[in-house]
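Contents: one structure, followed by commentary.
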Amino acid sequence: MNLTLKVWRQQGPSTPGRFETYEAKGVSEHISFLEMLDGVNERLLGEGKEPIAFEHDCREGICGTCSMVINGEPHGPVKGTTACQLHMRMFSDGNVITIEPWRARAFPIIKDLVVDRSAFDRIIQKGGFISANAGSAPDGNAVPIPKPDADAAFEAAACIGCGACVAACPNGSAMLFVGAKVSHLGHLPQGQPERDLRALGMVQQADAELFGNCTNHYECGEHCPKEIDVKVIAEMNRDFVRAAIRAEEPKQVAGSG
Amino acid sequence: MKLDAKIPSGPVQQKWDKHRFEMKLINPANKRKYRVIVVGSGLAGGSAAASLAELGYNVECVTYHDSPRRAHSIAAQGGINAAKNYQNDGDSVWRLFYDTVKGGDFRAREANVYRLAQVSAAIIDQCVAQGVPFAREYGGLLDNRSFGGAQVSRTFYARGQTGQQLLLGCYAALSRQIASGKVKMRNREEVLDIVVEGGRARGIVTRNLVTGKITTSAADAVVLATGGYANVFYLSTNAKACNATAVVRAWRRGAGFANPCFTQIPPTCIPVTDEHASKTTLMSESLRNDGRVWVPLKTGEKRAPGQIPESERDYYLERRYPSFGNLAPRDISSRAAKVVCDEGRGVGPTGRGVYLDFADAIKRLGKNAISAKYGNLFDMYRNISGEDPYEVPMRIYPAPHYTMGGLWVDYNLMTTVPGLYAIGEANFSDHGANRLGASALMQGLADGYFVLPYTIGDFLASAGPSKLTADAPCFAAVQKETEDRTKRLLSIGGKQSPDSFHIRLGKVMWERCGMARNRAGLEQALVEIPKIRDEFWKDLRVVGSGTELNQTLEKAGRVADFLEFAELMCLDALEREESCGGHFREEYQTSEGEAVRNDETFAHSAIWEWQEGGKRPIRHKEELEFENVHLATRSYK
């Protein structure tokens, strides 16, 4: 099939960007979307032009590196699919395809389709963990975890940290990402001791990184390649409010006994 | 090159305890005087960086990814082994040790493998404490499943995303140390060389992938956790950026490289149907529990699989290996697939594929049962191939996946360069000539959480601080070499892209040094590879500059190192005149096509020492002694 691509090109963070039009000819329906872009890049290189910079790595839909908005939708038109797992059989001859980077204040563009998502790492650093030094753990079966809790934790833990939720949200909010981690650890007994600190720390950091607020558009859940349920946002809000109230209560002072 | 494996004396069960007692300790206040650089942030690197920081060392962790949560450990599906014996089915440290040595076709070091089995249980405990959501039974206890090469259920898993969940646990631990200031995380930086001076590793040279700036960093020890080299084949199940640059550079700086020809090519990958394919995808080998593998009896069969009657099908694994059938080990199943495709009986558009048919299982158990067991794998297959495996048989074909060879390390995981360590897939130590399923995750985390944090202290306590800072002349010299090399890649001004060279190299390696190798083919490869390499340095095209994000330049550097490394692999394959594990030399097989190992001559690891001026590397040996697991021929008939 033959396609017309309108691709966002931007040399660096502070230079203005623009759409460039490229023809992709003779594209096989059996290849992936990124392999189609590889082909365009090989041709550009052959013409002595700079290839389109885009991020990708595992190409199996799990590392969360690939990040592009295809025809206005993060990761493209297929639900529950990363851009790397999108195949060209979803398109047809003559299609015009627009390709853009994630657009969000908290994800500055580095070059072309590559953005800086380090804000996500900084949010995790504010409490998206359980403090357990290597060697200090009790036996893995010491604390039984009811299967529904373990399953709920897993559902939320499936987040790949790609940032599609932010790119999909009209407010550029990271609440699905934050909620997924708060929910994952909050469903496990091991996550309880730091539950309050986690909710407070991560939400405050998301604000500091200039992610927007959630106003219930649910675009995040709609475009999440791992189909994380938006209910994690409600769970996070609950944890945050409870933690905020508890933080204002006077601290219990331990007895000297 | 001096090879001292430093295996502690005494019975294998007591070696690690004894060694831990004998190793020198550094008191907590002094640990903060030492700086350790960890290269890579997968399971091995991430766990090592976090654990060393927890102990009090100052750690710098370098990754070329945008975040330490992306390394390819994340793509592992099946699970992680541990000798917990939670299933009460007779598992033990000894059995895991035995299975691993045997599965590795007796080419691994017993003492290391035993220690791996010993620490395996603590890994599960650690991961549970971090909040890894392992699969559980209704009673709330951990669930297990069985995997190839073992008769007990010792594999822990988190649906089909075990690698992801373990890596996120490790990333969380690392994030906590980054927040505490004990780990300085350096994202989007690629290590391009190692600085060795006065017989000790002193630091690294890196390129910032965003600014292009090449800088040096000094440390008291350097740990390479940079993964395997399966991308030398171009098409592999590895992530696109996986590369051998750090280990090749370390090799050139004096680290011995062990058994580079030991590569693993499992049978259950989705076949490539288009010449523009950029990688292959592995599906869990658990599919072979219910799928039957077959090809048509006739060559050039054109009918659809459903139209081919039973009498005209060849269930070749069941025919050749009646007792193991479709569950024959990875290396054996892969070679059998190659044989039938070489005979012209392969299926699919390219003729390089075999059927994995679930029709019988669906008839026996019902579609729902199959969907509950393999639903996500069936979806993945449908997504990639566009075919519905509930209706038509899957097509599978082997593809490179894991590399057992790597930098030689002693019992302490130190390479032949003092102060330079290699952990995880980057080293050679535990899997011999063939790795069992669910053991890669185990080894990466064992090295990072429970082995390196002890052994590195012993070295630092004896050797003391390095005292060289990054402004020492030895750093400037290596930095200049790196800058010159980068400039050279940018200035060749030829016509061919890095990928086009990589694809050509991959074809040579796949044909000559893939599932089956022979003398003539390897000798031919040793002629072809230098030719491609010469052409690369004359006709490479990289556009853009070195002072910005330039993905073509990154690729070019990695391909240049693969072109060098490929030759070493072929050399090793040529010299190892036996068939063992993933290394099958066609000259050494029985009349029925089974591998013939030669323990008389080759019960050793081969360690290659780099030579200046393009001279042939020198082959050294570490003799392997099997005091606990007796040498025997693997048979699956």
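The values are calculated or read from the model by the stated rules, or taken from the named source; none is laboratory data. Just so we're clear, the structure is a prediction, and the values are computed from it rather than from any experiment. Positions of Cβ are generated from backbone atoms using ideal geometry, with glycine treated the same way; all protein chains shown enter the neighbour counts.
General remarks:
- Any chance B:Arg504 is among the charged types (D, E, K, R), touching a helix residue (DSSP H, G or I) at 6+ places or on another chain (Cβ under 9 Å) and surrounded by fewer than 17 Cβ atoms within 10 Å (Cβ to Cβ): no
- From A:Ala208, A:Ala180, residue being outside the structural domain of A:Ala83 (by TED's automatic domain parsing) and touching a residue at least 24 places away in the same chain (Cβ under 8 Å): A:Ala180
- Search result, residues across the stretch B:158-176 that are within 20 Å of B:Lys373 (Cα to Cα) and either acidic (Asp, Glu) or surrounded by 23 or more Cβ atoms within 10 Å (Cβ to Cβ) (or both): B:Ala158, B:Gln161, B:Thr162, B:Gly163, B:Gln164, B:Gln165
- The single condition among (1) at pLDDT 95 or above; (2) among the polar types (S, T, N, Q); (3) under 23 Å from the mean Cα position of the chain (by Cα) that B:Asn85 does not satisfy is (3).
- The helices (runs of 4 or more DSSP H) falling completely within the stretch B:519-637 that include 1 or more residues that are of a type in the set (Gly, Ala, Ser) map to B:519-539, B:551-575.
- Residue within the stretch A:186-201 that is in contact with a strand residue (DSSP E or B) (Cβ under 8 Å, 6 or more places away or on another chain) and in contact (Cβ under 8 Å) with a residue 24 or more places away in the chain present: no
- Inspection of the stretch B:164-175 finds a residue satisfying the criterion of being more than 24 Å from the chain's Cα centre (by Cα) and either closer than 30 Å to B:Val59 by Cα or assigned to a loop (DSSP other than H, G, I, E, B) (or both).
- Search result, residues across the stretch B:520-554 that are out of contact with any strand residue (DSSP E or B) (no Cβ under 8 Å at 6 or more places or on another chain), farther than 15 Å from B:Arg488 by Cβ and touching a residue at least 60 places away in the same chain (Cβ under 8 Å): B:Thr547
- Given (1) part of a helix (DSSP H, G or I); (2) acidic (Asp, Glu); (3) surrounded by 20 or more Cβ atoms within 10 Å (Cβ to Cβ), index of the condition A:Glu42 fails: (3)
- Test set (1) facing chain B (nearest Cβ under 7 Å); (2) of a type in the set (A, V, I, L, M, F, W, C); (3) touching a residue at least 60 places away in the same chain (Cβ under 8 Å); (4) touching a Cys at 6+ places or on another chain (Cβ under 9 Å) - A:Ile130 fails condition number: (4)
- Identity of the residue in the stretch A:198-247, in a helix (DSSP H, G or I) and of a type in the set (Lys, Arg), that ends up surrounded by the most Cβ atoms within 10 Å (Cβ to Cβ): A:Arg198
- So B:Asn58, is it surrounded by fewer than 24 Cβ atoms within 10 Å (Cβ to Cβ), over 18 Å from B:Gly424 (Cα atoms) and more than 12 Å from every other protein chain (Cβ to nearest Cβ): yes
- With respect to (1) touching a strand residue (DSSP E or B) at 6+ places or on another chain (Cβ under 6 Å); (2) within 21 Å of B:Val222 (Cβ to Cβ); (3) surrounded by 23 or more Cβ atoms within 10 Å (Cβ to Cβ), the lone exception for B:Pro418 is condition (3).
- Qualifying residue in the stretch B:184-196 (condition: part of a loop (DSSP other than H, G, I, E, B), over 20 Å from B:Leu96 (Cα atoms), away from chain A (no Cβ under 14 Å) and in contact with a Cys (Cβ under 9 Å, 6 or more places away or on another chain)): no
- Subset of the stretch B:61-77 (residues that are small (Gly, Ala, Ser), crowded, with 24+ Cβ neighbours inside 10 Å and at pLDDT 95 or above): B:Ala71, B:Ser73
- Entirely in the stretch B:295-404, the helices (runs of 4 or more DSSP H) that have 2 or more residues that are more than 27 Å from B:Tyr229 (Cα to Cα) and touching a Gly at 6+ places or on another chain (Cβ under 8 Å): B:316-320
Condition check ((1) surrounded by fewer than 16 Cβ atoms within 10 Å (Cβ to Cβ); (2) of a type outside the set (Lys, Arg)) across all residues:
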{"position": "B:Leu522", "(1), (2)": "no, yes"}
{"position": "B:Lys531", "(1), (2)": "yes, no"}
{"position": "B:Trp537", "(1), (2)": "yes, yes"}
{"position": "B:Val542", "(1), (2)": "no, yes"}
{"position": "B:Gln551", "(1), (2)": "no, yes"}
{"position": "B:Lys555", "(1), (2)": "no, no"}
{"position": "B:Ala560", "(1), (2)": "no, yes"}
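- Residue that is farthest from the other protein chains (Cβ to nearest Cβ) [pool: residues in the stretch A:81-96 that are surrounded by fewer than 17 Cβ atoms within 10 Å (Cβ to Cβ) and in a loop (DSSP other than H, G, I, E, B)]: A:Gly94
- Pairs, first surrounded by 12 or more Cβ atoms within 10 Å (Cβ to Cβ) and among the acidic types (Asp, Glu) in the stretch B:616-637, second part of a loop (DSSP other than H, G, I, E, B) and modelled with pLDDT of 95 or more, C-beta under 8 Å, six or more apart: B:Glu622/B:Leu3; B:Glu622/B:Ala5; B:Glu622/B:Arg109; B:Glu622/B:Trp408
- If the condition is being of a type outside the set (D, E, K, R), within 14 Å of chain A (Cβ to nearest Cβ) and not in a helix (DSSP H, G or I), then the stretch B:229-263 contributes B:Tyr234, B:Leu235, B:Ser236, B:Thr237, B:Asn238, B:Ala239, B:Ala241, B:Cys242, B:Asn243.
- Matching entry among A:Pro170, A:Pro144, A:Pro101 (being of a type outside the set (A, V, I, L, M) and within 11 Å of chain B (Cβ to nearest Cβ)): A:Pro144
- Every residue from the stretch B:130-173 that is of a type in the set (A, V, I, L, M) and facing another protein chain (nearest Cβ under 9 Å): B:Val132, B:Ala135, B:Leu141, B:Leu142, B:Ala158, B:Leu168, B:Ala172, B:Ala173
- The requirement of being within 14 Å of chain A (Cβ to nearest Cβ), surrounded by fewer than 18 Cβ atoms within 10 Å (Cβ to Cβ), under 18 Å from B:Leu563 (Cβ atoms) and charged (D, E, K, R) is fulfilled somewhere in the stretch B:479-498, by at least one residue.
- Residue match in the stretch A:60-80 (condition: more than 11 Å from chain B (Cβ to nearest Cβ), part of a loop (DSSP other than H, G, I, E, B) and more than 25 Å from the chain's Cα centre (by Cα)): no
- Qualifying positions in the stretch B:208-223 - farther than 24 Å from B:Ile456 by Cβ, part of a strand (DSSP E or B) and either touching a residue at least 40 places away in the same chain (Cβ under 8 Å) or charged (D, E, K, R) (or both): B:Ile214
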